[in-house]
Structures are given as structure tokens and as C-alpha cells.
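The values are calculated or read from the model by the stated rules, or taken from the named source; none is laboratory data. These numbers were taken from a predicted model, which means no experiment stands behind them. Because the Cβ atoms are built from the backbone with ideal geometry, glycine has one as well, and the counts that use them run over all protein chains shown. Each accessible area value is taken on the protein alone, full model and side chains, heavy atoms only, with ligands, DNA and RNA left out. Shrake-Rupley method; radii C 1.70, N 1.55, O 1.52, S 1.80 Å.
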Amino acid sequence: RLREYSETIPKPMVTIGYRPILWHVMRYYAHFGHREFVLCLGYKADVIKDYFLRYNEASSNDFVMSDGGRTINLLSSDISDWRISFVDTGLRTNVGQRLRAVREHLAGEDIFMANYGDVLTDAPLDRLEAEFRASGKVAAFLSVTPRTYTFHVVTTDDQHVVRSIDSIASTDLRINGGYFMFRKEIFDYVGAGEDLVEEPFSRLIAAQELIAFQYDGFWAPMDTLKDLQNLEAGYEAGRWPWALWQPRDPD
């Protein structure tokens, strides 16, 4: 669905503005104080590694240059306090197994967060994290309304007669928004070879250990070329609500 990009770079490296969507996702987490990252790499992992290995803070922050360019003093910084682990988790590994593959990198963490790396939101992560901690549950995810999709929901009777056909955005249907919170016990629910949302989540539901945070604010995936165009158009118009780290004009 993003073939013109995905044949040369992994989808999280498709840019919005002049930074990849992965950077935007990581910057969102960093805004809330989460600056230790584990990247579960697979397809074209070298592209992601090279991006961060070559990252130049002066290209994305204000700075003062002196001594004919020999001295650069940054006036701000974005990733200097990040700690990023780059872990090869397999070329075609599913999400559940990617999590299992980085378990050792999460040692000592009672709670951690996970993300697909290709979806943006302005959800209040600090409040959601506090609710999750207080809940005592093993797992949580962001549940959103799919306003960006153009599918239709069809209702029929037993004789296959259509009773209604509605835009998916106008229904009360909610979907997995791709932002997760887990306690370390999540690994007790993910078996070898299993994906995340199928068998493990079914077990969590049976044990009443899974909660969904309903959020109706900004949420946007980058699944299709149209999604990318919408995000780029918003960015160019100065509308990028996920960038909570940016100064806001007073209301």
C-alpha cells in the first residue's frame, strides 16, 4: 500500500516533513519522559541504523556557528538524551515474536510501552500511564475511532437484505490504535510463534487483564499513500497536533 516507498525503505522511515514517522513517534514518547528505546528491526534494518548513526542535531535544531564553522553551539536538542538499542528481530517476524526477541533488553522494567512505529496521536500519555499503573492490569492499548478510513459497515438480516450501510467513521466501532502498555507479565501470555493480538490478547481477555483506553482526539495511521498525503498536507499547513513538544500559540 506504500509500495513506491517500501521497496527502498522500511515504512517507519517514510518522512513527514523532513523527518521519518519513526522519529515523530519517538519524539512523542520523549516528550513524556520516555527516552530509552528498543527498536525491533527487520526489513531494511540498515536504513534505520544509518539514519541515527548519521543524525546531525544541527540539521534539526537552532545553533550558533563560530570560528568559521569549526565550533557549533546548539541552542536546542532533540535526541541527545535518548538511549536507543538496535535489535535485529528477524526479517518477517510477527509482533509477538519481536517482543519476545527483545525481552532481555527490558530486564528490570516492570512496565514498558510498545508501538507499531507508523501511527501518530496526541493522546495524553502521562495520564494514560498513570491509569494503567493504578489498574494493576497486565496490558492496555489505545482504542480509537477509525475516522481516517473510508470503508462502510453493512448490516443485513437473515435473508441477506441490507438494512443499513454506514461510513465506518459514523459508527461506534473502535479499533486498536497501535499504542500499547505492558507489564513484564505479558511474556507469560505470548507463546512461541504467536502474534500479539490473536492468542495472547485472547488469554488476557479471559483473565480480565486487558484494558482499552478510548480516545477520540487526534489519531492518524500511515497505512496508505492517501494517509501519507494527508499527514504531509497537515504538516505543510502547520497542523501536526501529535507534536506536543512544539510551542503552542495561546488560545
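Some points to look at:
- Tabulated pairs, the stretch 157-186, first under 28 Å from Met26 (Cα atoms), second surrounded by 13 or more Cβ atoms within 10 Å (Cβ to Cβ) and among the basic types (Lys, Arg), C-beta under 8 angstrom, 6+ apart or interchain: Ala169/Arg147; Arg183/Lys137
- Of the set (1) in contact with a Leu (Cβ under 8 Å, 6 or more places away or on another chain); (2) over 20 Å from Arg27 (Cα atoms); (3) in a loop (DSSP other than H, G, I, E, B); (4) not aromatic (Phe, Trp, Tyr), all apply to Glu109 but (1).
- Boolean, Leu128 is more than 20 Å from Tyr28 (Cβ to Cβ) and in contact with a strand residue (DSSP E or B) (Cβ under 9 Å, 6 or more places away or on another chain): no
- Any hit, the stretch 180-195, residues being in contact with a strand residue (DSSP E or B) (Cβ under 6 Å, 6 or more places away or on another chain) and of a type in the set (Gly, Ala, Ser): no
- Enumeration of residues in the stretch 206-251 that are farther than 30 Å from Phe182 by Cα and of a type in the set (A, V, I, L, M, F, W, C): Leu225, Ala233, Ala237
- Residues that are of a type outside the set (S, T, N, Q) and open to solvent by 60 Å² or more (accessible area, probe 1.4 Å), drawn from the stretch 202-224: Arg203, Ile205, Ala206, Asp216
- The residue list Ile205, Ile211 contains one member that is of a type outside the set (Lys, Arg) and within 21 Å of Thr121 (Cβ to Cβ), which is Ile211.
Quick grid of which residues meet (1) at positive phi; (2) free of Cβ contacts under 8 Å to residues at least 60 places away in the same chain:
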residue: Gly90; (1), (2): yes, yes
residue: Thr93; (1), (2): no, yes
residue: Ala134; (1), (2): no, yes
residue: Lys137; (1), (2): no, no
residue: Ala140; (1), (2): no, no
residue: Thr155; (1), (2): no, yes
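- Number of the exception - Tyr43 against (1) modelled with pLDDT of 95 or more; (2) open to solvent by 50 Å² or more (accessible area, probe 1.4 Å); (3) closer than 30 Å to Tyr189 by Cβ: (1)
- Check on Ala243, open to solvent by 20 Å² or more (accessible area, probe 1.4 Å) and of a type outside the set (D, E, K, R): no
- Among the residues listed as Arg133, Arg92, the single one being open to solvent by 40 Å² or more (accessible area, probe 1.4 Å) and within 16 Å of Ile211 (Cα to Cα): Arg133
- Condition check for Thr155 on (1) within 19 Å of the chain's Cα centre (by Cα); (2) surrounded by fewer than 19 Cβ atoms within 10 Å (Cβ to Cβ): one failure, at (1).
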